[in-house]
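Please treat every number below as a calculation from the coordinates, not as lab data. All values reported here derive from a predicted model rather than from experimental measurement. Cβ sites come from the backbone with ideal geometry, for glycine too, and all protein chains shown count toward neighbours.
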Amino acid sequence: MAERVEIFEVGPRDGLQNEARLIPVEEKIALVDCLSRAGFRRIECASFVSPKWVPQMADSGAVLAGITRMPGVSYAALTPNMRGFEDAVAAGADEVAIFGSASEGFSKANINATIEESLERFRPVAAAAIERGLPVRGYVSCVVECPYDGPVAPASVARVVAALRDMGCYEVSLGDTIGRATPEGIVAMLKAVLGEMPAERLAGHYHDTGGLACDNVEASLGLGLRVFDAAVGGLGGCPYAPGAAGNVATEAVAARVAALGYEHGLDMDVVAEAADMARRMRG
Ligand code: HMG
Ligand code: MG
């Protein structure tokens, strides 16, 4: 049997958070419901951040309340602090994510904290999640390049990964936030990170500004990673990463991993339906 690669669908969160038009909650719910039918095991569909910082995610509670939950699917939410965590629990998120950065410039711009301050803020969130039995995922942004600080040292990424591991994150997702990384940059970064966390507990989260995201997925597969974040229709971008294009498209990652002989387990007709829906939402 072919080896399995999981695509972690982040379209309803990372894909939509940057859209200027305020998307009606019914459209977001319809997108998540379609994705649930496509066969994803994990879908990130909420973000309990400040609505002043990211207005598009202000209705995350209503999204989680309105979706039809498919058994076996984990509906995930970003939680930057205890306030966000409590809101995520109240809304019934199945898992939460804390999100840090390997570069100081992006950390400050994105969550208004230094890297150290952010890790201090995440510690009680991770502890509270684990106490409740909720899986907690970690993100590290700017793993190769930062829009404010330029190139990022692999050792800086490894340090933040180790901190998230020590807090109990079951998986750490490595973000090429501005989508400018090359396979060489990804490999150099992963070699440092693999000294802290095994490949089975790492995910690649690649944006596709430079058009190399699928090559970066392929390079990561070579080092043992088997989970990749992607967004249907290539939706997205981060409001605090100027110039960043969308996440790598789910359809493109699925096609690449299938061509390489891996099984992704998705119904590509339903994925195409979701991608159409996503493109219409973008306007
Ligand atoms: P702050 O201003 O430093 O914090 O923001 P604060 O504690 O002083 O709070 C400011 C205001 O926000 C207060 O309201 C708080 O009550 C409120 P006010 O008194 O002004 O009316 N507030 C909240 N409201 C709702 N939910 C909360 C919450 N916390 C505080 N949880 C903070 C710090 C982290 C809150 C802010 O910087 C923030 O929300 N940042 C989020 C930025 C964001 O969501 N970025 C996109 C996601 S990350 C990403 O896309 C990268 C990723 O995809 C990986 C990759 O690609 O690299 C994951
Ligand atoms: Mg992202």
As straight-line cross-link partners of Lys108, the qualifying lysines (C-alpha separation under 24 Å, not fewer than 8 residues apart within one chain) are Lys52
Diffusion coefficient in µm²/s returned for the stretch 29-181 by Stokes-Einstein, Kirkwood Rh over C-alpha pairs, 4 °C and 1.567 mPa s, is 82
Taking a ≥ b ≥ c as the square roots of the eigenvalues of the Cα gyration tensor, with a/c under 1.5 meaning rounded and otherwise prolate when a/b exceeds b/c and oblate if not, the stretch 219-273 is oblate
Under the rule rounded for a/c under 1.5, else prolate if a/b exceeds b/c, else oblate, using alpha carbon gyration tensor axes a ≥ b ≥ c, the stretch 91-173 is classed as prolate
Extension length gain for Arg83 and Leu194 (0.36 nm per residue less Cα distance), in nm, is 36.8 nm
Per-residue ellipticity at 222 nm attributable to helices in the chain (runs of n ≥ 4 DSSP H, -39500 (n - 2.57) apiece, nearest 500 deg cm²/dmol) works out to -12500 deg cm²/dmol
For the stretch 6-281, the dipole about the Cα centre with charges only on Cβ (Lys and Arg +1, Asp and Glu -1), to the nearest 20 debye, works out at 360
The extension gain from Asp215 to Glu3, computed as 0.36 nm times the residue separation minus the Cα-Cα distance, is 74.5 nm
Under the 7 Å Cα-to-Cβ spin-label approximation, Met268 and Ala162 lie apart by a distance in nanometres of 4.2
Yeah, the stretch 155-220 with a ≥ b ≥ c from its alpha-carbon gyration tensor (a/c under 1.5 is rounded, else prolate when a/b outruns b/c, oblate otherwise) is prolate
Counting only DSSP beta bridges with both partners in the chain, the antiparallel fraction in percent, to the nearest 5, comes to 10
Scattering profile of the chain from the Debye formula, Cα beads only, expressed as log10 I(q)/I(0) at q = 0.08, 0.09, 0.14 Å⁻¹, is -0.28, -0.35, -0.93
The stretch 216-283 and the stretch 14-45 have their Cα centres apart by a whole-number Å value of 14
For 270-276, 258-264, 196-202, 34-40, ranked highest to lowest by mean beta-carbon neighbours within 10 Å, the order is 34-40, 270-276, 196-202, 258-264
So, relative contact order of the chain in percent, Cα under 8 Å, 6 or more apart, is 22
